[in-house]
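Below: the structure, in structure tokens.
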Amino acid sequence: MKSDNLDSRAPGLERGLMLLELVANSPERGIGFNDLVVLCGVPTASAARFLRVLVDRGYLAKDPGTGLYRLGATPVRLVERGTRESRLLASAGNVLRDLRDHAGHTATFFIWEGDRIRCAAKCPHENSLAMQELGAVRRDILAFPWGWIFADSLPKERVELLIRDLPTREMSIERYQNGLTAYRRNGFAYDENPVHSWMRFGAPVWDEDGNIVAAVALGVPRCPLPAEEVKRLGELVKKAANKLSGKR
């Protein structure tokens, strides 16, 4: 369907994207409201609403002096994040294979997307846990030790809301708090489930600005493990994460 006829199942989205594209293709100094209305062919009131949303979300910026619109910070940030993710994924394959072979368990790479975790890469081991499927997205971040890592960088109020949503509240809060304490002490996170006899490990990946952007994880199909084996596997996960962070 042609967007210039706005023959779309989401005409509002089409118009908003058209305004964004018009601003992106305008001169560097920006483009005025009236010109956008003429070029886009939408009612004035509709254009004002769409532009207000685009400005509020950072896709566009409005010069308070001239009233001209130009691209905002959000598109740049999204491009930078995509470039960073591509760079991480290009390195993750070898790092995960090395981790899998040294640990003898499934190695997985998770991308942090602000309020959810996405399984972005995986090196399975035949004698280990399958863990999450490639491409799977989870929002219950306190259910996983690598989720505790991300939660540790969130505001306290946000973590309290996540804790409120836990299914088995008292036991899960205790496990989360104990796991978080161990993570802060060791630099890697782990938990164990004696009922189902498995353990899971995770360590953070940092960007150049010191922000946690991803995590490396291991799934171990037996529990409990001797303390020396917990330390060995945790250090292997931390070493792999440090490689992706650019640390030695």
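Points worth noting:
- Number of residues in the range 186-229 that are of a type in the set (Lys, Arg) and more than 17 Å from GLU133 (Cα to Cα): the value is 1.
Every residue, every condition in (1) surrounded by 14 or more Cβ atoms within 10 Å (Cβ to Cβ); (2) at pLDDT below 85, yes or no:
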{"site": "PHE144", "(1), (2)": "yes, no"}
{"site": "ALA151", "(1), (2)": "yes, no"}
{"site": "MET171", "(1), (2)": "no, yes"}
{"site": "THR181", "(1), (2)": "no, no"}
{"site": "ARG185", "(1), (2)": "no, no"}
{"site": "TRP198", "(1), (2)": "yes, no"}
{"site": "VAL230", "(1), (2)": "yes, no"}
{"site": "LEU233", "(1), (2)": "yes, no"}
{"site": "LYS238", "(1), (2)": "yes, no"}
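- Odd one out for GLY210 among (1) surrounded by 22 or more Cβ atoms within 10 Å (Cβ to Cβ); (2) assigned to a loop (DSSP other than H, G, I, E, B): (1)
- Scanning the range 105-134 for residues that are farther than 23 Å from ARG222 by Cα, charged (D, E, K, R) and at pLDDT 90 or above yields a count of 1.
- Checked against (1) in contact with a Gly (Cβ under 9 Å, 6 or more places away or on another chain); (2) modelled with pLDDT of 85 or more, THR44 passes all but a single condition, namely (1).
- Every pair of residues 6+ apart whose Cβ atoms lie under 7 Å, when the first sits in the range 128-146 and is under 20 Å from HIS196 (Cα atoms) while the second is acidic (Asp, Glu) and surrounded by 13 or more Cβ atoms within 10 Å (Cβ to Cβ): PRO145/ASP191
- Test: residue in the range 80-103 that is within 17 Å of TYR190 (Cα to Cα), in contact with a strand residue (DSSP E or B) (Cβ under 8 Å, 6 or more places away or on another chain) and of a type outside the set (D, E, K, R): yes
- Candidates in the range 91-118 are the residues that are among the basic types (Lys, Arg) and out of contact with any Lys or Arg (no Cβ under 6 Å at 6 or more places or on another chain); of these, the one that is nearest to PHE150 (Cα to Cα) is ARG118.
- The helices (runs of 4 or more DSSP H) found entirely in the range 83-202 that carry 1 or more residues being within 20 Å of PRO224 (Cβ to Cβ) are 145-151, 169-186.
Conditions tested, residue by residue: (1) under 24 Å from the mean Cα position of the chain (by Cα); (2) at positive phi; (3) among the hydrophobic types (A, V, I, L, M, F, W, C).
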| site | (1), (2), (3) |
| --- | --- |
| TYR183 | yes, no, no |
| GLY187 | yes, yes, no |
| GLU192 | no, no, no |
| VAL205 | yes, no, yes |
| ALA214 | yes, no, yes |
| PRO224 | no, no, no |
| LYS231 | no, no, no |
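The values are calculated or read from the model by the stated rules, or taken from the named source; none is laboratory data. This is a predicted model, so every value here is computed, not measured. Heads up, the Cβs are rebuilt from the backbone with ideal geometry, glycines too, and the neighbour counts pull from every protein chain shown.
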